[in-house]
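Asks: Below: one structure in C-alpha cells.
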Amino acid sequence: MAEMFKNFINGEWVTSKTGATFNDINPADKSEIVGVFPKSGAEDINMAVEAAASAFDKWRKTPAPARAEIIYKAEKLLRKKKDDIAKIATAEMGKILDETKGDVQEGIDTAFYMAGEGRRLFGDTTPSELKNKFCMSIRMPVGVVGLICPWNFPVAIPSWKIFPALICGNSVVLKPASDAPASSMELVQILQEAGMPKGVVNLVHGSGEEAGMALLNHPKVNLISFTGSAEVGKRIGEICGKNLKRCSLELGGKNAQIVMDDANIDLAVDGALWGAFGTTGQRCTATSRLIVHKGVLKEFTEKFVERAKKIRIGNGLSPDTDMGPVINESQLKKIHSYVEIGKKEGAKLLMGGYFYEEGECKKGFFYMPTIFADGHPSMRIAQEEIFGPVVLIMPVNSFEEAIEVINSTNYGLSSSVYTKDINRTFKAISDIQAGITYINSPTIGAETHLPFGGMKNSGNGHREAGKEVLNIFSEWKAVYIDYSKRLQKAQIDTAKEH
Ligand code: NAD
C-alpha cells in the first residue's frame, strides 16, 4: 500500500476537506505509486491562507537575522538529507540521481545565500534636496504569498521562492505540481523541523485548476509567484492583473546554442548533449535549437549524433542511466506529436523520433533522444517549446545570421555561444535577446546567486535568484525624515534656496 500524505496547514499535517486524492506515479515505472496525496480544493486553500494571514504580523516583526537562523537550520537539514531527498525526487519525476542531487544542492545553496540576506536586506540612503532632511528606502514584506511550482525542479524551484519569501518576512502558501509533490513535502517538513513558527509556511497539494486557481483568486493572497508554462502563465497574469495582485511569472523557453566555425567542436558537442538531453530535455533552459555555422556543420552533426546514440536510457535511480523518462503520458504524446509535425515540416530526422520501450523501459514513459537537421525558423519545431529530448539543428552562413535566428522566437530565456573570438563573444552578449547567455558552456547551469529569468514570453520581467529576487518578495518604502523643525516643501523650497 502506498503511503498517504497530507497538507501542512497552521503547523499541522491535515487531510483535505475534499477527501479526494491523487497518485504520485514513478514515470520510470507507472505501476509504482510513490505516494497518495490530497487533491485539495478551495476550502483547504482558504484554511492555509487564513493561517498564513494570522501568522504574518508576528513573522514580519521577527528580526530578519532571527528569521535567517531558522533558514540556516533548514539549510543544514537539507544538506544532511540531500541523498534521501534526491532519491525521492528521482522516483517521482524521473531525472537521474546526479541531477536530483544537483536539484537539492540548489535548494541548499539558495537557503545559505538567502539566510545571509537576513543581515543585509539593504535599502539605500540618499541625500535630500532640502537641508536638515534625511532620506532612505527600506524593504517591507508583501504579506501572504502564493507559490505555484512546476515538477521539473521539485526542490530547487520551491526553494528559490520559499527562502527569499521568508527572509523578506512574508508568510507562504505553497502549491507544488501534482507530478512531484513528495519533494516539496520533504522541504516543508525540513522547515518545520528547523523551527518555522506555525502558519508561516503552509503546503496544499492538488491540481492547478482547483487548488491553484483557488490560491490565485484568494483575496488575502497579495502575491503569486509562478513558475511553469507560458500558456498557464498568461492565464495567471490575467487573473492577477484583474485583481491588481502582484505577480511574478517564470515561464518556458526555446533556448539555442550557437556553434561558430572557430568553436572547439568537441566542447560544443559536450555542451549540446548536456543541454539538449539533460533532464530528458525537460528544463526551461534546455537546448532545443542548435544553430551551427555551415563551415563546421558536418563535423559537429556527425560527432553529435554519434555521441547521442550512446546515451543510456533507463530508470534514473540506476547508476548506468544517462537519461531518464519523461514526466507522464500526456507529455510523452506531446513530444511525439511534435516529432510528427517536424517531419511534415520538412526537417530531416537524423535519429530517434519514437517511444523507447526496450526491457524495463516499457513500464514507463521513455522517449528516444531525437535529433532533427535542416531546421528553419519558420518551422513550428523551431518556435514552440517541446519540453522533451528533441533538438533541431539549424544551419547558418554567418555570425550575423546566427544572431538573427537565435532571436527569432517569442521566448528569451537562455542562450549559448561557442566561439573563441572575443569580438563575437561580446557582440553575442549584447545582441542576444535572452535573460541568460553562456559563452562556451551549454544553455543550462544557472547558479543561485545570479539573476534568473527571461525576456519576451519567458516571463513578465522579474528575476528569481540573485539579489534581484528580493524585489519580487518585498515592497519598497521611501522614508523622509525632516529635522528642520519647519515645513519644507520639496521642489518649491528647493528652487527658492538654490
Ligand atoms: P504547468 O504550467 O503545467 O504547471 C505549473 C504549475 O501550475 C503546477 O503546479 C500546476 O498545477 C499549476 N497550474 C496549472 N494550471 C493552473 C491554473 N489554471 N491556475 C493555477 N495554477 C495552475 O507547467 P509544468 O508542466 O509543471 O512545468 C513545465 C513548464 O514550466 C515548462 O513550460 C517549463 O519551461 C516551465 N519552467 C520554467 C522555469 C523558469 O524558471 N522559467 C523553470 C522550470 C520550468
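The values are calculated or read from the model by the stated rules, or taken from the named source; none is laboratory data. Owing to the predicted nature of the structure, the values given are computational and were not obtained by experimental measurement. Note that each Cβ is placed from the backbone with ideal geometry, even for glycine, and that neighbours are counted across all protein chains shown.
Asks: State all residues of the range 283-307 that are within 16 Å of the ligand (Cβ to nearest atom) and either assigned to a loop (DSSP other than H, G, I, E, B) or surrounded by fewer than 18 Cβ atoms within 10 Å (Cβ to Cβ) (or both); if no residue qualifies, say none.
Replies: If the condition is that a residue be within 16 Å of the ligand (Cβ to nearest atom) and either assigned to a loop (DSSP other than H, G, I, E, B) or surrounded by fewer than 18 Cβ atoms within 10 Å (Cβ to Cβ) (or both), then Arg283, Cys284, Thr285, Ala286 are the ones that fit.
Asks: In this structure, is Ala268 buried (at least 24 other Cβ atoms within 10 Å of the Cβ) and small (Gly, Ala, Ser)?
Replies: Judged against the criteria, Ala268 is a match.
Asks: Residues that are touching a Pro at 6+ places or on another chain (Cβ under 8 Å) and within 12 Å of the ligand (Cβ to nearest atom): which strands (runs of 3 or more DSSP E) entirely in the range 97-193 hold 1 or more of them?
Replies: In the range 97-193, the matching strands (runs of 3 or more DSSP E) lie at 144-148, 171-175.
Asks: So, one more: Could you list all residues from the range 319-342 that are more than 13 Å from the ligand (Cβ to nearest atom) and within 13 Å of Glu384 (Cβ to Cβ)?
Replies: Result: Ser337, Tyr338, Val339, Ile341, Gly342.
Asks: Also: Among the residues of the range 480-495, is any within 25 Å of the chain's Cα centre (by Cα) and at pLDDT 95 or above?
Replies: Within the range 480-495, not a single residue is within 25 Å of the chain's Cα centre (by Cα) and at pLDDT 95 or above.
Asks: Can you tell me how many residues within the range 343-370 are within 28 Å of the chain's Cα centre (by Cα) and either under 10 Å from Val390 (Cβ atoms) or among the aliphatic types (A, V, I, L, M) (or both)?
Replies: Count: 6.
Asks: Inspect all residues belonging to the range 158-168 and state whether any of them is among the β-branched types (Val, Ile, Thr), crowded, with 23+ Cβ neighbours inside 10 Å and over 30 Å from Ala86 (Cβ atoms).
Replies: There is no residue in the range 158-168 that is among the β-branched types (Val, Ile, Thr), crowded, with 23+ Cβ neighbours inside 10 Å and over 30 Å from Ala86 (Cβ atoms).
Asks: Could you grab me the full set of residues in the range 386-415 that are within 16 Å of the ligand (Cβ to nearest atom) and buried (at least 20 other Cβ atoms within 10 Å of the Cβ)?
Replies: Those that are within 16 Å of the ligand (Cβ to nearest atom) and buried (at least 20 other Cβ atoms within 10 Å of the Cβ): Ile386, Phe387, Gly388, Pro389, Val390, Val391, Thr409, Tyr411, Gly412, Leu413, Ser414, Ser415.
Asks: Quickly run through the range 194-208 and pick out the residues that are crowded, with 23+ Cβ neighbours inside 10 Å, within 14 Å of the ligand (Cβ to nearest atom) and part of a loop (DSSP other than H, G, I, E, B).
Replies: Within the range 194-208, Val204, His205, Gly206 qualify.
Asks: Cβ contacts < 7 Å: first residue more than 14 Å from Gly116 (Cβ to Cβ), restricted to the range 64-78; second residue part of a helix (DSSP H, G or I), any location; separation 6+ or different chain. Result?
Replies: Between residues of the range 64-78 that are more than 14 Å from Gly116 (Cβ to Cβ) and residues that are part of a helix (DSSP H, G or I), the close pairs are Leu77/Ile190; Leu77/Glu193; Leu78/Val104; Leu78/Gly107; Leu78/Ile108; Leu78/Ala111; Leu78/Ile190.
Asks: Specify which of the listed residues (Ile311, Ile258, Ile236) is more than 19 Å from Ala402 (Cα to Cα), outside any helix (DSSP H, G or I) and hydrophobic (A, V, I, L, M, F, W, C).
Replies: Going through Ile311, Ile258, Ile236 in turn, just one is more than 19 Å from Ala402 (Cα to Cα), outside any helix (DSSP H, G or I) and hydrophobic (A, V, I, L, M, F, W, C): Ile311.
Asks: Please work out which one of (1) within 25 Å of Glu50 (Cβ to Cβ); (2) out of contact with any helix residue (DSSP H, G or I) (no Cβ under 6 Å at 6 or more places or on another chain); (3) surrounded by fewer than 22 Cβ atoms within 10 Å (Cβ to Cβ) is the condition Cys240 fails and give its number.
Replies: (3)
Asks: Look at the range 52-68 and say how many of its residues are part of a helix (DSSP H, G or I) and out of contact with any helix residue (DSSP H, G or I) (no Cβ under 8 Å at 6 or more places or on another chain).
Replies: Number satisfying all stated conditions: 11.
Asks: Determine which single condition Ala276 fails, assuming it passes every other condition in (1) within 24 Å of the chain's Cα centre (by Cα); (2) in contact (Cβ under 8 Å) with a residue 60 or more places away in the chain; (3) more than 16 Å from the ligand (Cβ to nearest atom); (4) in a helix (DSSP H, G or I).
Replies: Among (1) within 24 Å of the chain's Cα centre (by Cα); (2) in contact (Cβ under 8 Å) with a residue 60 or more places away in the chain; (3) more than 16 Å from the ligand (Cβ to nearest atom); (4) in a helix (DSSP H, G or I), the lone unmet condition for Ala276 is (3).
Asks: Filter the range 243-255 down to residues that are in contact with a helix residue (DSSP H, G or I) (Cβ under 6 Å, 6 or more places away or on another chain) and among the hydrophobic types (A, V, I, L, M, F, W, C) and give me whichever is surrounded by the fewest Cβ atoms within 10 Å (Cβ to Cβ).
Replies: So, considering only residues that are in contact with a helix residue (DSSP H, G or I) (Cβ under 6 Å, 6 or more places away or on another chain) and among the hydrophobic types (A, V, I, L, M, F, W, C), the one surrounded by the fewest Cβ atoms within 10 Å (Cβ to Cβ) is Cys247.
Asks: Follow-up. Within the range 371-390, is even one residue among the basic types (Lys, Arg) and part of a strand (DSSP E or B)?
Replies: Checking the range 371-390: not a single residue is among the basic types (Lys, Arg) and part of a strand (DSSP E or B).
Asks: In the list Ser288, Ser225, Ser229, Ser207, which residue meets the criterion of being touching a Phe, Trp or Tyr at 6+ places or on another chain (Cβ under 9 Å), over 20 Å from Phe387 (Cβ atoms) and hydroxyl-bearing (Ser, Thr, Tyr)?
Replies: The conditions single out Ser225.
Asks: Could I ask something else about it? So, in the range 1-34, of the ones that are assigned to a loop (DSSP other than H, G, I, E, B) and basic (Lys, Arg), which residue ends up farthest from Gln331 (Cα to Cα)?
Replies: Checked the range 1-34; the qualifying residue farthest from Gln331 (Cα to Cα) is Lys17.
Asks: Anything in the range 209-229 that is surrounded by 20 or more Cβ atoms within 10 Å (Cβ to Cβ), within 9 Å of the ligand (Cβ to nearest atom) and either small (Gly, Ala, Ser) or under 28 Å from Ile444 (Cα atoms) (or both)? List them, or say none.
Replies: Ala211, Gly212, Ala214, Ile224, Phe226, Thr227, Gly228
Asks: If the Cβ limit is 6 Å and pairs must be 6+ apart or interchain, which residue in the range 174-197 that is over 14 Å from Asp103 (Cβ atoms) pairs with which residue that is of a type in the set (Asp, Glu)?
Replies: Pro181/Asp24
Asks: For Phe37, work out the one condition from (1) part of a helix (DSSP H, G or I); (2) buried (at least 17 other Cβ atoms within 10 Å of the Cβ) it doesn't fulfil.
Replies: Just one mismatch for Phe37, condition (1).
Asks: Restricting attention to the range 314-336, which residues are of a type in the set (S, T, N, Q) and either in a helix (DSSP H, G or I) or within 22 Å of Ser414 (Cβ to Cβ) (or both)?
Replies: Scanning the range 314-336 gives Ser330, Gln331.
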